1. Can you tell me the FRET efficiency between residue 333 and residue 33 if r is taken as the Cβ-Cβ distance and R0 is 30 Å, rounded to the nearest 0.05?
2. Return 308, 80 ranked ascending by Cβ neighbour count within 10 Å, so the fewest neighbours appear first.
3. Mind listing the Cα extents of the chain along all three principal axes, in Å, largest one first?
4. To the nearest 0.05, what FRET efficiency results for residue 124 and residue 220 with a Förster distance of 30 Å applied to their C-beta separation?
5. Hey, in the GNM for the chain with a 10 angstrom Cα cutoff, which one of 327, 68, 156 fluctuates hardest?
6. With both partners inside region 81-181, how many of the DSSP beta bridges are antiparallel, as a percent to the nearest 5?
7. Which of the three applies to region 79-126, rounded, prolate or oblate, going by the alpha-carbon gyration tensor with a ≥ b ≥ c and a/c under 1.5 meaning rounded?
8. Determine the gain in length on full extension of the stretch residue 181-residue 113; use 0.36 nm per residue of separation and subtract their C-alpha separation, reporting nm with one decimal.
């Protein structure tokens, strides 16, 4: 299967490397240092157990026309980065090309092929101009929920932290030969890729944690374990999750996992920094709108009060604005040990 991976970050690199190692024909659409590194050395994957594997049988280019028509296109960038590549996508499309979306949060296509009262409605938070929906025919799209955690440790080098599940589903809920074929390719690469008849319910289950733990971690510079074990932050997270559940319920979604079990699952991940915290520390634009703003939008659509979500959304948006205005990053920095006499002097000044 000819597979184009757009983006070679933490998730795109992981998926592309394992598919290539399983024998698939993989082309990365990338730029900058990643492009050069993959061209010269392939993609190196460091497993959670510490083993190193290098996929040398991959191509890398920044020219979509050079890549040409594909059987499968995987959008492996963040939600706010998708619109920029949409004009180039037709160069990758053949008559039967499928597009798998791997963005976190509420996807731009949420109400496409939905069948409910909001059929076809635009999710403006993640697709403000409608350009994404217009540029990617809904018939090509297959939804995907990303559960693994990984990180880009250097250009062309991916470290897998944990997880292997990529549930897949057609937007209309049908179990089709094409989604089964894609799931089989993922399984051959070592992933678990169950085909679901309600991919939106799975999106909400993943989002349930992302919309809470990501912004809280970015604001507090705390890991998943820290947030879940500190009673006050745990309760803030639970309140946000209860509000999100109310929104989802009004859209016909039911959760197959109890709230406390979902929080316990996040706690078990341990001292892991969320993607939003990693972005804030690196000075990158965090994906706030897809993870939190989209839920606020759906809350307004359904007339659901979300005071805790609204508050955290406002605070983390301000953090992102401040970072953008100042062109900076925000991270904790260890203080140097106090020198002899400094502690006593500080105490006198405080008194």
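Here, each number is a calculation from the coordinates, and none is a lab measurement. Note that the structure is predicted; figures quoted are calculated from it, not measured. In this analysis, Cβ positions are derived from the backbone assuming ideal geometry, glycine residues included, and neighbour counts consider all displayed protein chains.
1. 0.70
2. 80, 308
3. Here the spans come out as 76, 52, 37 Å, largest first.
4. 0.55
5. 327
6. Rounded to the nearest five, the antiparallel share is 75 percent.
7. oblate
8. Details: separation 68, 0.36 × 68 = 24.48 nm, distance 2.09 nm.
Length gained between residue 181 and residue 113: 22.4 nm.
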